[in-house]
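Below: one structure, written as structure tokens.
Just so you know, all these numbers are worked out from the coordinates, no wet-lab data involved. Keep in mind the model is a prediction, meaning the values are calculated, not measured. Note that we place each Cβ from the backbone using ideal geometry, even for glycine, and neighbour counts take in every protein chain shown.
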Amino acid sequence: MKKCLFWALCVLLSTCPISAANDRPVIEENQGKALLIYNIAKFTEWPPATTPFVFTLWNDDALADAFEIIEGQETQGRKVEINRQNKDSIAVDCQVIVIPKQQLQQFIEVRDELDKLPTLTVTTEPNVFEAGAMILVEVIDDHLAFSVNLAAVKASGLEISGNLLRHAEVVNF
């Protein structure tokens, strides 16, 4: 079932432009990013846990609003919760943290701490990805794409499905 949902999303995201077209459905950009990040999380191996599966959106209310479409869903057998972090400090008690451009310096300061945790660090900003975030989600030629810093993912003890990695725009080893 997970594979079917993932492939359906991949087909939808690869055929639906972010901008309007006459005969194609349009996905709001932030909702598309939220769904893509959710599916990346679904195809990542996590340590066993019984707590909710928490996505933290760090000082990015527009993207946090878009994540409401996945709140209450399940992944890894756990209910999804969305945490809006509107402080300069980072909440590390989560599985996925989305880091915006304006938090680059704070991310750099806590990166070593995050690298030791099974927390997937995701960004929509190339500068944050270059500074060590694990996943970059961006719009390329009117389509959503993602890149993976595989060394950072493995250092945190997480593992991303090879099937998912085949769809990445870039995989840094």
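Taking 23 Å as the cut-off for C-alpha to C-alpha distance, list the pairs among Lys42/Lys101; Lys33/Lys101; Lys42/Lys116; Lys33/Lys79 that go past it. With Cα atoms farther than 23 Å apart: Lys42/Lys101.
Working out 0.36 nm times the residue gap between Thr50 and Arg166, then minus their Cα-Cα distance, what length gain in nm do you get to one decimal? Can you show the working numbers first?
Values: separation 116, 0.36 × 116 = 41.76 nm, distance 2.98 nm.
Extra length from Thr50 to Arg166 when fully extended: 38.8 nm.
Relative contact order for the range 22-173: what is it in percent, counting Cα pairs under 8 Å that are at least 6 residues apart? Here the relative contact order equals 21 percent. Applying 0.36 nm per residue to the separation of Gln106 and Ser89 and subtracting their alpha-carbon distance, the gain on full extension is 5.4 nm. Partner aspartates and glutamates whose Cα lies under 18 Å from the Cα of Lys154, excluding those fewer than 8 positions away in the same chain, are identified as Glu45, Asp112, Glu113, Asp115, Glu130. Diagonalising the gyration tensor over the Cα atoms of the range 17-173 and scaling each eigenvalue by 5 before taking the square root yields semi-axes of 22, 17, 17 Å, largest first. Peptides 83-92, 32-41, ordered by how many other C-beta atoms sit within 10 Å of their residues on average, highest first, read 32-41, 83-92.
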